[in-house]
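Contents: one structure, followed by commentary.
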Amino acid sequence: MGSRDGDFLGYVDRQPDGAYRAFDARSAVIGDFPGLADATGAVSASSERDRDDDGSPTGDLEGLIR
């Protein structure tokens, strides 16, 4: 599970075949990756798309609780 400044970014789950599956803050699949670093990087990059130009979360992410 990852967070930045208290905002939940997403998480990575190890699959039975050894791949790492990355999920965003809404539990949508980002993709499968051969390494943990690639998967966590994808989670972090995904969260960047959900931020305004000033770095604050976009309105649809504020108050999201899972």
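Any read-out appearing in this document is the output of simple, stated calculations on the displayed coordinates, not a laboratory observation. Quantities reported herein were computed from a predicted structural model and do not represent experimental measurements. Note that we place each Cβ from the backbone using ideal geometry, even for glycine, and neighbour counts take in every protein chain shown.
Can you sort Val29, Val12, Val43 so the residue with the fewest Cβ neighbours within 10 Å comes first?
Details: Val29 10, Val12 18, Val43 21.
Ordered by Cβ neighbours within 10 Å, fewest first: Val29, Val12, Val43.
The Stokes-Einstein estimate for segment 2-49, based on a Kirkwood radius over Cα pairs and taken at 37 °C with 0.692 mPa s viscosity, is a diffusion coefficient of 316 µm²/s.
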